[in-house]
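Visitor: Following this message is one structure expressed as structure tokens.
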Amino acid sequence: MSNEEMHLALQMAANSISVEDDPDSKYETLNSPKPLRRARVLDLNERRKQFRRTRSLNAPSPFQQFGPCGGIMKNSAMVMQIQDPASQRLTWYKPPLTVLVIKKVCDASVLTPFVQLVTWLVQEKNMVVWVESAVLDDVTLNEDIKFRSIRDKLVTFKDGRDDLTDRIDFIVCLGGDGTLLYASLLFQQSVPPVMAFHLGSLGFLTPFRFDNFQEQLTSILEGHAALTLRSRLRCVMHRKTENPHGFEHAVDSNAEPSSSLANSILVLNEVVIDRGPSPYLSNIDLFLDGKYITSVQGDGLIVSTPTGSTAYAVAAGASMIHSSVPAIMVTPICPHSLSFRPIVVPAGVELKISVSPESRNTSWVSFDGRNRQELFHGDSLRVTTSIYPVPSICAQDQISDWFASLADGLHWNVRKRQKCLDELSDLTASGSEDIFDEIENTKLYDV
């Protein structure tokens, strides 16, 4: 917490005490027991919510002196300042005017909420609403009278043809987790803030309920929201081609990610390397920052973000990592080894995956379940953490939303409660001392 924030917190605490001590105060107080009574000042109460956490989500800075002689060598060039994830809150530099609405396809239950949302955004908020061109081809949607009244006011785009970079201020998703993955695919550089409503199946990444969408959207548009910055992986394909010098031809690592989806792409969940249709085991070499780590012999390999750790990776036996943890997870798929467990590596490393020279077959790569392509002998895939995360708007905060998703989406640690031990009925009433005496007597008779 910065000095300015600490000063504001102390000032608010002092204000609440002074109001409580003043019997003539114009502010209302709670009818609580005296030790718990606090003044309830509405304008200050909203600001206090920013100080609910007293500790950073980041680990504390370690003490850098070890014993009387040892310490860490100072290197100012490598010092980084990382904002506490708990303090990441949305702010608008100017009022948002354009909003992209992404809805789940082939789902009739989403049509009514979609019409209500776009009508409210156009008529009440005077916003420019963008939708995918295929949405307007929905026959059932075009039969809706309310939708026909605002249909001509919608702006359309076509995936793969139109570039939305710097044209969208805000994104609203209606559906399941796939809508958020699609938003990530559309924006291969900076992503506008994303608000996701749960109208799909799982809903792990969609924390908002649609019941009172007007109040929730109004609050977001006013800038009252916490953010989870969901890291993405930048995947670059390096193809080996024949040339006069016999060198490998690689894609420029500094090229724009949107220039060629076949060569470079950002993924929100995971990149999967598998054996494809081949009956043979995959034989994949894994390098970390240029150093050989191991060879994967099995069905394949999953390289995932913390967000993706609760998707394919967790089904393959990986741990679940909170979205604010800077890390990359490497998970084997059905490895032919009892000792090959999933590993977590720092977010700043570069992973290189290639087909082993001894492999009997090639491998196949897919990015968030899309753009599947073959990885040949001599080719390599390089994976690093992207500088462009997906700013996902929280319904509550980073911690509450994540554990709520674990409970609601994955039913994490759900089991029947163990009944408490009733000592009177189970021990005293059953004559526990007599039972112990019988056990001792039995031992004597056995002797």
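Visitor: For region 103-122, state whether one or more residues are in contact with a Phe, Trp or Tyr (Cβ under 6 Å, 6 or more places away or on another chain), within 22 Å of Asp163 (Cβ to Cβ) and among the basic types (Lys, Arg).
Guide: Among the residues of region 103-122, at least one is in contact with a Phe, Trp or Tyr (Cβ under 6 Å, 6 or more places away or on another chain), within 22 Å of Asp163 (Cβ to Cβ) and among the basic types (Lys, Arg), which makes the answer yes.
Visitor: When only residues in region 204-219 that are in a loop (DSSP other than H, G, I, E, B) and among the hydrophobic types (A, V, I, L, M, F, W, C) count, which is modelled with the lowest pLDDT?
Guide: Phe204
Visitor: Another one. Can you name every one of the strands (runs of 3 or more DSSP E) wholly within region 314-382 that holds 2 or more residues which are among the polar types (S, T, N, Q)?
Guide: Correct list: 363-367, 370-375.
Visitor: Condition first: among the aliphatic types (A, V, I, L, M), in contact with a strand residue (DSSP E or B) (Cβ under 7 Å, 6 or more places away or on another chain), open to solvent by less than 60 Å² (accessible area, probe 1.4 Å) and more than 18 Å from Glu222 (Cα to Cα). Can you find one or more residues in region 102-113 that meet it?
Guide: yes
Visitor: I need every pair where a residue in region 406-419 that is in the same structural domain as His322 (by the TED database) has its Cβ under 7 Å from the Cβ of a residue that is surrounded by 10 or more Cβ atoms within 10 Å (Cβ to Cβ), sequence separation at least 6 or different chains.
Guide: none
Visitor: Within region 347-401, how many residues are touching a helix residue (DSSP H, G or I) at 6+ places or on another chain (Cβ under 8 Å), open to solvent by less than 20 Å² (accessible area, probe 1.4 Å) and farther than 17 Å from Asn269 by Cβ?
Guide: Looking only at that region, the number is 3.
Visitor: Now, a different point. Taking the criterion of being open to solvent by 80 Å² or more (accessible area, probe 1.4 Å) and more than 31 Å from the chain's Cα centre (by Cα), would at least one residue in region 151-158 satisfy it?
Guide: yes
Visitor: Among the residues of region 270-301, which ones are buried (at least 16 other Cβ atoms within 10 Å of the Cβ) and aliphatic (A, V, I, L, M)?
Guide: Across region 270-301, the qualifying residues are Val271, Val272, Ile273, Leu281, Ile284, Leu286, Leu288, Val296, Leu301.
Visitor: Would a scan of region 193-203 turn up a residue that is open to solvent by 20 Å² or more (accessible area, probe 1.4 Å), assigned by the TED database to the domain that holds Leu164 and part of a strand (DSSP E or B)?
Guide: The answer is yes; a qualifying residue exists.
Visitor: If a residue has to be on the phi > 0 side of the Ramachandran plot and open to solvent by less than 10 Å² (accessible area, probe 1.4 Å) to count, how many in region 160-192 make the cut?
Guide: Residues flagged as on the phi > 0 side of the Ramachandran plot and open to solvent by less than 10 Å² (accessible area, probe 1.4 Å) within region 160-192 amount to 1.
Visitor: Given the conditions (1) out of contact with any Pro (no Cβ under 9 Å at 6 or more places or on another chain); (2) open to solvent by less than 40 Å² (accessible area, probe 1.4 Å), report the number of the one that Met329 does not fulfil.
Guide: Exception for Met329: condition (1).
Visitor: Of the residues that sit in region 409-425 and are open to solvent by 100 Å² or more (accessible area, probe 1.4 Å) and in a helix (DSSP H, G or I), which one is nearest to His238 (Cα to Cα)? Steps first, answer last, please.
Guide: Start the filter on region 409-425 by keeping residues that are open to solvent by 100 Å² or more (accessible area, probe 1.4 Å), which leaves 411-421, 423-424.
Restricting the remaining residues to those that are in a helix (DSSP H, G or I) gives 423-424.
On the way: Glu423: 69, Leu424: 72 Å.
So, considering only residues that are open to solvent by 100 Å² or more (accessible area, probe 1.4 Å) and in a helix (DSSP H, G or I), the one nearest to His238 (Cα to Cα) is Glu423.
Visitor: So which pairs qualify, if the first residue must be in region 104-127 and in the same structural domain as Phe210 (by the TED database) and in a loop (DSSP other than H, G, I, E, B), the second must be open to solvent by less than 20 Å² (accessible area, probe 1.4 Å) and among the aliphatic types (A, V, I, L, M), the Cβ gap must be under 6 Å, and the two must be at least 6 apart or on different chains?
Guide: Final answer for the pair search is Lys104/Val110; Met127/Val99; Met127/Leu121.
Visitor: Within region 128-146, how many residues are β-branched (Val, Ile, Thr), out of contact with any helix residue (DSSP H, G or I) (no Cβ under 6 Å at 6 or more places or on another chain) and either assigned to a loop (DSSP other than H, G, I, E, B) or open to solvent by less than 40 Å² (accessible area, probe 1.4 Å) (or both)?
Guide: 2
Visitor: Right, another one. Taking the criterion of being at pLDDT below 95, aliphatic (A, V, I, L, M) and outside the structural domain of Leu186 (by the TED database), would at least one residue in region 326-346 satisfy it?
Guide: Yes.
Visitor: Moving to a separate point now. Name the pairs: first residue in region 141-160 and among the basic types (Lys, Arg), second residue open to solvent by less than 50 Å² (accessible area, probe 1.4 Å) and in a helix (DSSP H, G or I), Cβ to Cβ under 6 Å, at least 6 apart or on different chains?
Guide: Between residues of region 141-160 that are among the basic types (Lys, Arg) and residues that are open to solvent by less than 50 Å² (accessible area, probe 1.4 Å) and in a helix (DSSP H, G or I), the close pairs are Lys146/Val115; Lys146/Thr119; Lys153/Val122; Lys158/Ser133.
Visitor: Let me ask something else about it. Examine region 257-275 for a residue that is modelled with pLDDT under 50 and either of a type in the set (Phe, Trp, Tyr) or assigned to a strand (DSSP E or B) (or both), and state whether such a residue exists. Can you show your working first?
Guide: Initial filter on region 257-275 (modelled with pLDDT under 50): 257-262.
From the residues that got through so far, the ones that are either of a type in the set (Phe, Trp, Tyr) or assigned to a strand (DSSP E or B) (or both) too are none.
Scanning region 257-275, I find no residue that is modelled with pLDDT under 50 and either of a type in the set (Phe, Trp, Tyr) or assigned to a strand (DSSP E or B) (or both), so the answer is no.
Visitor: Of these, Ser309, Ser295, which one is touching a strand residue (DSSP E or B) at 6+ places or on another chain (Cβ under 6 Å), of a type outside the set (Val, Ile, Thr) and free of Cβ contacts under 8 Å to residues at least 24 places away in the same chain?
Guide: Ser309
Visitor: Still on this structure: Only one of these is open to solvent by 100 Å² or more (accessible area, probe 1.4 Å), among the charged types (D, E, K, R) and assigned by the TED database to the domain that holds Asp163: Lys74, Lys94. Name it.
Guide: Values: Lys74 fails: assigned by the TED database to the domain that holds Asp163.
On inspection, the qualifying residue turns out to be Lys94.
Visitor: While we're here: Which count do you get for residues in region 186-225 that are of a type in the set (A, V, I, L, M, F, W, C) and closer than 14 Å to Pro113 by Cα? Talk me through it step by step, then tell me what you get.
Guide: Taking region 186-225 as the starting set, the residues that turn out to be of a type in the set (A, V, I, L, M, F, W, C) are 186-187, 191, 194-197, 199, 202, 204-205, 208, 210, 213, 217, 220-221, 225.
Narrowing further to those that are closer than 14 Å to Pro113 by Cα: 196-197, 199, 208, 210, 213, 217.
Number satisfying all stated conditions: 7.
The values are calculated or read from the model by the stated rules, or taken from the named source; none is laboratory data. Everything numeric in this text was worked out from a predicted model, so none of it was measured. As a convention, Cβ positions derive from the backbone with ideal geometry for all residues, glycine included, and neighbour counts pool all protein chains shown. Note: areas computed on protein heavy atoms with side chains; ligands, DNA, RNA excluded. Shrake-Rupley method; radii C 1.70, N 1.55, O 1.52, S 1.80 Å.
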